[in-house]
Amino acid sequence: MNRKLRMGIHRIAANMDGLTELVCGALSINPEIAKESGKMLFLPEDRTYTTFEEMMEKESKLPADTRMDFVTIVTPNFAHFAPAMAALDHGFHVVIEKPMTFTLDEAKQLKKKVDETGLLLCLTHTYAGYPMVKQAKAMVATGVLGKIRKVWVEYPQGWLSNLSEREGNKQAAWRTDPKRSGKSGCMGDIGTHAAHLAEYISGTQITHLCADLNIMVEGRALDDDGNVLLKFDNGAHGVLMASQVAAGEENALKIRVYGEKGGIEWAQHEPNTLLVKWLDQPTQILRAGGNYGDRLSPFATHNCRTPGGHPEGYLEAFANIYRNFALTLSAKIDGTKPSEQALDFPTVEEGIRGMAFIDNVVASAASDVKWTKYEM
């Protein structure tokens, strides 16, 4: 394509590669804030909308060479489904925050609509955008670690160690509110990230689980801590821990995957490093770098932005999700075939599995049965 993709709504990461431009937005439920935000982003006044319904309706009536190509939905969980469906109904592709919807049923409706329209839906599971996560997945896929036996993923945070939702913390307020967040708090918010990473890197899917959910802070309405035993479809077993009351922790996501011949370890606090542990030789340290094509997979180097030794982080990982989506969408518009690397971003399928994970964890935690089947 010889032009930028036109997007509605806004994310910093989407602009990093110069493949997209913000052309419109419904930026707040407060009309005055929406208009003021539009001015700050230099949006035309007539394309700064006060509701998503107005945006979809008016954008769809603009000429093809003017209207937006896709919309980014960055609202709380309860406000994902309606704008996503409206966008798809009006012919717009969608980028959406996780968890994809408020309920599993809504997720299935979105998938049906995506299948009917042939439009793209990208789910922003940020951590799948890190180059060394791509490297870990590629190593598992090539079989160098042997058959996968064990998956251990943990995601401790400490920011909800107090009842901060009642102390003016807006992020805490909606994330701990069942009416806005859904049936799960911690597991819905960060547990879904951990589950996605476990399936993404291991190349397997969860089939059974045994869950324990806890509310550690008195007065809280949703779980803020949990532990889940996992079984995967290749016979592997796993452990998933997610907690938002691990006092002192910031965003300590870590995953370890072990096969017959070796294992890998990746931590979000040191995202440019991948530890490879061998059964019969010393631990190997792999580092991210766009100039390491002789030692990293094409999927890793495709998502590296700098030479080795130059740090990349969270925003770059987010940008990789957007870039791969944008490259795929551009190819779709042009009628060409995107590369395998460009196609590597989370879609509606991962969105459904994320919602199913929440449902299954909550059901298992409420059950007296040790193992419950992973229902979709």
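The values are calculated or read from the model by the stated rules, or taken from the named source; none is laboratory data. Quick caveat: nothing in here was measured; it's all calculated off a predicted structure. No Cβ is skipped: glycine too gets one built from the backbone with ideal geometry, and neighbour counts run over all protein chains shown. Accessible surface is based on the protein model in full, side chains and every heavy atom, while ligands, DNA and RNA are left aside. Shrake-Rupley method; radii C 1.70, N 1.55, O 1.52, S 1.80 Å.
Share of antiparallel DSSP beta bridges in the chain, in percent to the nearest 5?
60
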**Request:** Report the residue, chosen from 321, 285, 255, that carries the largest GNM mean-square fluctuation when the chain is represented by alpha-carbon nodes joined by springs under 10 Å.
**Result:** 285
**Message:** Tell me the relative contact order for the chain as a rounded percent, counting alpha carbon contacts under 8 Å between residues six or more apart.
**Reply:** 19
**Fill in**
Lys and Arg at +1, Asp and Glu at -1: neighbours of residue 160 with Cβ under 10 Å from its Cβ sum to -2
**Request:** Please check the chain for the longest run free of GluC sites (Glu not before Pro) that are loop-located per DSSP (anything but H, G, I, E, B) and have at most 12 other Cβ atoms within 10 Å.
**Result:** 1-166
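How much accessible area per residue does segment 313-376 have, counting only protein heavy atoms and a probe of 1.4 Å, in square angstrom? Spell out each step's value before the answer.
Working: 2850 Å² over 64 residues.
Accessible surface, normalised per residue, equals 45 Å².
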**Asked** Hey, what's segment 77-148 come to in accessible area per residue, 1.4 Å probe, Å²?
**Response** 31
**Request:** Among 358, 327, 26, flag the residue with its Cα farthest along the positive direction of the charge dipole of the chain, charges on Cβ as +1 for Lys/Arg and -1 for Asp/Glu.
**Result:** 327
**Cleavage-rule hits, trypsin sites (Lys or Arg not before Pro), segment 85-194, DSSP coil, Cβ neighbours within 10 Å at most 15** = 147
**Item:** FRET E, pair residue 373, residue 179, Förster distance 30 Å, beta-carbon r, rounded to 0.05
**Value:** 0.55
**Request:** Just tell me which lysines come within less than 24 Å, Cα to Cα, of residue 261; anything on the same chain fewer than 8 places away is out.
**Result:** 134, 137, 147, 150, 231, 277
**Prompt:** For segment 270-352, what % of the accessible area comes from carbon and sulfur atoms, probe 1.4 Å?
**Reply:** 54
**Prompt:** Measuring from centroid to centroid over Cα atoms, what is the spacing of segment 67-82 and segment 93-119 in Å?
**Reply:** 11
**Prompt:** Dipole magnitude of segment 138-241 about its Cα centre, charges +1 at Lys/Arg Cβ and -1 at Asp/Glu Cβ only, in debye to the nearest 20?
**Reply:** 280
**Request:** Mind checking segment 8-62 for chymotrypsin sites (Phe, Trp or Tyr not before Pro) that DSSP puts in a loop (not H, G, I, E or B) and that have at most 15 other Cβ atoms within 10 Å?
**Result:** 42
**Request:** Could you tell me the distance between the Cα centroids of segment 274-335 and segment 177-207, to the nearest Å?
**Result:** 23
**Prompt:** From the backbone phi of segment 352-363, what are the Karplus-calculated ³J(HN,Hα) couplings (6.51 cos²θ - 1.76 cosθ + 1.60, θ = phi - 60°) in whole Hz, Gly and Pro given as x?
**Reply:** 5, 5, x, 5, 5, 4, 4, 4, 5, 5, 4, 5
